[in-house]
Structures are given as C-alpha cells and as structure tokens.
Amino acid sequence: MYRQILKKIKKYDTIVIARHIGVDPDALCSQLALRDSLLLRFPTKKILAVGNGSVKFSRLGTLDKMENLEHFLLILLDTPDRKRIDFPMFEQASEIIKIDHHPFIEKIGNLEYIDEQKGSTCEILMDFIKKMHLPITSDIAKTLYAGLVSDSNRFLFDSTTSQTFELVSYYLKNYPFQLSEVYKSLYMRPLKEVRLQGFIGENLTLTENGVAYIKIMNEDLNRFHADSASGGNMINNFNFIEEALVWVIITEDIKNNNIRINIRSRGPVINQVAEKYHGGGHMYASGARVSCFEEADLLLKDLDKVAKDYIKVCEKNENNL
C-alpha cells in the first residue's frame, strides 16, 4: 500500500494535506511532517498543509493559507469520516488518500491506509517515510515524535509497542533532536490554564457508575482567561482518578455556537457513544460536539449506561473465576 500511495503522490503537481476539525498535536504534526518531507523530495510541487490552527499548538509549526485549486490530490490524515474533515473543498479533490489510525467509519478515499493498532498517525508516517526513503531532517523527526508522544500520552497507552520504540530509536539515532524541546512545545502552558485545571479537579461530578464529568461554562472560561479548547486539552491529565472509569470535559464554545465534549475511558468502550453525538474516535479516547447542554446530558446518560454494563460484565467474569 505504501508504494501505491507514493505513486499517487508522484502523479500530482498540487497536493493538499488536511485532517480533522479541532486540531490536536498528532493531526497537526502528521500534516507538517509529511508536507515538509514531500517538499524536500518534490521541490517543484505545490504542497499545502491546511486547516484551522490553534494558538496552543503554534509552537509545533505553521499551516499554509488556502488557495483556489484545481486538479489536486488530497491526503487526509487522522480523520475517519467526512463530517470531521477540516477542509471544506475536500469534495473538489481529484483523488483522495486517507491515512488514519482510527477505527473505520466510512470510506472516503480512493486509497485508504488504516492501522487501528497504531497509537498515532505520526507513527504510521514514521514507518511510511522511512520505508519509502523519503527525506528526513532532525526537524521533521522532532515533529513526528511530538505527534506520536502526544497521542500515546507519553507512551502510556497500550497501543505503544516494540515497533513504536524501534521507530523512535531509529529517528533519534539518525536524525537527533532534543527531547526537552518537544515536551516544552507540547506541555508548557500559562498559569491561567494551571488554575483552570485546578478548577476542573475541584468541580468534577462522579456518577454512581464511575463517570466523572464537568461542565465548563463560558463565564468559567472568562474567569480564567481561557479559550474553549483549554479544558478539553487537559483531558489526559485526569487519567488516574481511582473512582472514575470514564471522564468527560464538557465545554461551552460561544464562538462556534456548540458544546465541545472530550471523553476518555479506562475500560468501557466510548467511541460508539461519541459517534451518536456527532463525534467519534477510539475505543477509549473520543470526542463529540453537540448543540446544547441538554444534548450533552443525554450523552452523559449513555456513557453512564455503558459504564454500568461494563461493571456488570466485570463482576460476572469475577464470579465465574
């Protein structure tokens, strides 16, 4: 499949690299790294990495301005379905290649490479760039590592394998970069966000079935001088709450007139619930966007039922031992 993807890339003089709405480091870094590597290999091509950026991740690199394009190849990264594509012109693409690590939802591309076992799209691209002998620099290696380490939550998730460490070792050995710079770009944050994290911790509500959640209103964001993405970006900071099987950050987004929902789990499968509410993701890490808090409450009820069913299955298994 890698050779087929590279063959398509060679065919086009104009290439657009896009990803999902609500950018995160894996989506952004996979775009930037692939763009920069392809530009080194094909310097005469027009290759654009597009989408809405984020001030929080501005240290990771700069996206390109969108242009009016004709006859272009779209490479869609880290995005399982149409409704989450952060590129309104995607239907105008001559052909689409999708490279992703999310569970399959719907066919989008002419070529689709999906590896659900990989912890990040950046890990897939590390393998692709290496095996296809595309140009790599220390900056490209650093960008790929940033996306990988973010989506794996610093290698804490079970999707991290020996191959993950083999790829990291290869890139560090042959294209060295400072790890401290990567972690600074990902995790350095202003004091106001630290205080917002404290507010979240103090105000989490826990259901009977182990769903911890908080609703962050616009007035809360104003109080901490934070934006609507700030709370959701902290979701992995609450991974180790003993009483919580599922934890959810629900944030009012006045600018986009919706409610952002970030969900994580330590057992119950949550992505099917997220898909029901205009979102999606992985079995244990998903997100959604709803139109009102009443819809968010319905999502919480569904998550609570999923957690309850999970507890029943675990208890039944224990009794059968």
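The values are calculated or read from the model by the stated rules, or taken from the named source; none is laboratory data. What you see is a predicted model, and the numbers here were worked out from it, not measured in a lab. Reconstructed Cβ throughout: ideal geometry from the backbone, glycine too, with neighbour counts over all protein chains shown.
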Restricting attention to region 81-94, does a residue exist that is part of a strand (DSSP E or B) and in contact with a strand residue (DSSP E or B) (Cβ under 8 Å, 6 or more places away or on another chain)? yes
Return only the number of the condition from (1) at positive phi; (2) in contact with a Lys or Arg (Cβ under 7 Å, 6 or more places away or on another chain) that ASN153 does not satisfy. (2)
Only one residue in ASP115, ASP127, ASP81 is acidic (Asp, Glu) and without any contact (Cβ under 8 Å) to a residue 40 or more places away in the chain, so which one is that? ASP115
The number of residues in region 283-309 that are surrounded by 22 or more Cβ atoms within 10 Å (Cβ to Cβ) and over 17 Å from LEU206 (Cα atoms) is 3
List, please: which pairs have Cβ atoms under 8 Å, are six or more places apart or on different chains, and start with a residue in region 1-15 that is under 14 Å from HIS71 (Cβ atoms) and end with one that is polar (S, T, N, Q)? LYS8/ASN110; TYR12/SER94; ASP13/THR44
So, of the residues in region 228-274 that are among the hydroxyl-bearing types (Ser, Thr, Tyr) and out of contact with any Gly (no Cβ under 6 Å at 6 or more places or on another chain), which turns out to be surrounded by the fewest Cβ atoms within 10 Å (Cβ to Cβ)? SER228
So is ASN262 under 20 Å from GLU294 (Cα atoms), more than 22 Å from the chain's Cα centre (by Cα) and in the same structural domain as TYR284 (by TED's automatic domain parsing) or not? no
Kindly indicate the residue of region 117-148 that is of a type in the set (Asp, Glu) and surrounded by fewer than 23 Cβ atoms within 10 Å (Cβ to Cβ) and also farthest from LEU186 (Cα to Cα) among those meeting that condition. ASP127
Candidates ILE21, ILE15 - the one that is assigned by TED's automatic domain parsing to the domain that holds CYS122, buried (at least 24 other Cβ atoms within 10 Å of the Cβ) and either in contact with a helix residue (DSSP H, G or I) (Cβ under 8 Å, 6 or more places away or on another chain) or more than 24 Å from SER94 (Cβ to Cβ) (or both): ILE15
Among the residues of region 31-41, is there at least one that is more than 24 Å from the chain's Cα centre (by Cα), under 17 Å from ASP127 (Cα atoms) and surrounded by fewer than 22 Cβ atoms within 10 Å (Cβ to Cβ)? yes
